[in-house]
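Below is one structure, written out as structure tokens, with a few remarks after it.
The values are calculated or read from the model by the stated rules, or taken from the named source; none is laboratory data. All of these numbers come straight from a predicted model, not from anything done at the bench. Here the Cβ is made from the backbone with ideal geometry for all residues, glycine too, and neighbour counts use every protein chain on show. Note: areas computed on protein heavy atoms with side chains; ligands, DNA, RNA excluded. Shrake-Rupley method; radii C 1.70, N 1.55, O 1.52, S 1.80 Å.
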Amino acid sequence: MQAKKDGILITGGAGFIGRALLQVSVDNRCRVAVYDNLSFGSKANVDAFGDAIAFFREDIRDEAAFSRACRSFNPERVIHLAALHFIPYCNAHPEETLDVNVTGTHTVLQTCASLGIKTAVFASTGA
């Protein structure tokens with residue numbers, strides 16, 4: 001049996017793009033964890049992989065929780081997909097959108113830096 005490769009923690013991994021990234025990561029025998037509060041994602045996207053995925057149901061704005069998850073899973077890479085991006089929702093909730101998208105991203109990047117996680121990938125769109 002081939003050993004698992006490096007660990008990847010995916011914020012927002014229960015969403016549409018996260019689900020596709022989970023598939024690629026599992027297919028490439030990576031250790032994978034998802035960090036998602038399920039406000040828009042679906043736990044079914046994670047559950048489809050059974051025990052192959054570690055799951056942390058937390059908010060990216062919670063620095064202590066994100067730090068605990070990173071220390072527990074010990075990823076080599078973090079892929080940050082968690083964000084509010086559905087424009088009608090964002091327009092109706094601008095302060096929450098700013099908090100999640102800016103403060104949450106800051107929390108993810110600061111935690112990665114403080115824990116020595118050398119690779120953090122941030123995915124964004126202007127769509």
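Spin-label point model (7 Å from Cα, Cβ direction): what's the R71 to D6 distance in nm?
2.3
Would you mind computing, in nm to one decimal, how far apart the modelled labels at A44 and S124 are, each placed 7 Å from Cα along Cα→Cβ?
My value for the distance between the label points is 3.2 nm.
May I ask you to compute the full-extension gain from E95 to S114, defined as 0.36 nm times their residue separation minus their alpha-carbon distance, rounded to one decimal in nm?
The span from E95 to S114 would gain 4.1 nm if fully extended.
Give the accessible surface of the chain per residue, rounded to a whole number of Å², with probe radius 1.4 Å and ligands, DNA and RNA excluded.
It amounts to 57 Å² per residue over the chain.
Give the carbon-plus-sulfur fraction of the accessible surface of the chain in %, rounded to a whole number; probe 1.4 Å, heavy atoms of protein chains only.
Solvent-exposed carbon and sulfur of the chain make up 55 percent of the total.
I need the phi-derived Karplus couplings for the range 28-42: 6.51 cos²θ - 1.76 cosθ + 1.60, θ = phi - 60°, integer Hz, Gly and Pro marked x.
8, 6, 7, 6, 9, 10, 10, 10, 7, 8, 6, 5, 10, x, 10
How far, in degrees from 0 to 90, does helix 63-73 lean away from the longest principal axis of the Cα atoms of the chain, to the nearest 10?
The answer is roughly 10 degrees.
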